[in-house]
Amino acid sequence: MRPSSTNTQKDPLVGAAVEALLVARWEVAELLSRRPSLLAADLLRGHAAELASSALASDQMLSLALETAARDIQTGSPPLGEGALFLLADQKGLASARLSIRGMVMQQSGEPAPAPDDLVADLECRLAEERLTPAELSARLAAQARLQEALWDDPRLPAQTSVRLAMLCSIPKLAERAAELDPNQALACRNLSTRPRWRPEVGPVPAKHPASFSWRRWSPHHTGWLLIGALFAAAVAVSVEPFWRGLVELAGGTRT
């Protein structure tokens, strides 16, 4: 029987890593009990590739754990012998790699797939078999939102850029649903339910009319030329005024 989620750790990253480790070890043991080592490694890699297309951070972590186990088997090492270090190790260069991933995600256009509403609905269907209370389901959704926030730009995960976009955009919706199920989660999810710092604007951006005027587009250079034009117009008006006054007087004299 596949182990169930425990979520005993306060740190969402550490807790999810331990949970993925337990599930991966169970799957490894089950495969090795009935398949040759190399075939078991291939099957693990196939499952890891399937999970890598998921927009749930928990699936992404399990994908990484299964891939690590397959590599260990092929090299003759104990599968996942280093425990949760499959994710928590190799911390060097993470900051610069995260910035690079964020830049690529920001360049994505269109709506994320799956849509945030669909991802939340799919996750609730998956958790339905555990017969959770509304408060327990709320806690699970809130934990998933925190995990999405922690891992959407993590370079160690196998997720493609489009998958990372879906992970990022799901954070507020997961938090909002958690707060709906349990008002006690509202305060904890408040920061998650607002727009994430790195969330891109998705969907088409309305184009401005080319003839529309905006002072923001005027630089000091433009303003200077505008001032010169106004002064020139005033000077012309002053110099022409005597001519027009004489012409009016002459016309008046003619009529008399």
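The values are calculated or read from the model by the stated rules, or taken from the named source; none is laboratory data. Since the model is a prediction, treat every value here as computed from it, not as a measurement. When we count neighbours, we look across all protein chains shown, and the Cβ atoms used for this are built from the backbone with ideal geometry, even at glycine.
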Practice task
Run down ARG98, ARG71 and say which single residue is among the charged types (D, E, K, R), part of a helix (DSSP H, G or I), surrounded by 13 or more Cβ atoms within 10 Å (Cβ to Cβ) and free of Cβ contacts under 8 Å to residues at least 40 places away in the same chain.
Solution key: ARG71
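For segment 33-68, name all the residues that are more than 23 Å from ALA113 (Cβ to Cβ), in a helix (DSSP H, G or I) and not small (Gly, Ala, Ser).
Residues satisfying the conditions are LEU38, LEU39, ASP42, LEU43, LEU44, ARG45, LEU66, GLU67, THR68.
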Exercise for the section: Report yes if some residue within segment 183-192 is modelled with pLDDT of 90 or more and outside any loop (DSSP other than H, G, I, E, B); otherwise report no. Expected result: no
Problem - One residue from GLY83, GLY46, GLY76 being at pLDDT below 90 and of a type outside the set (Asp, Glu) - result: GLY83
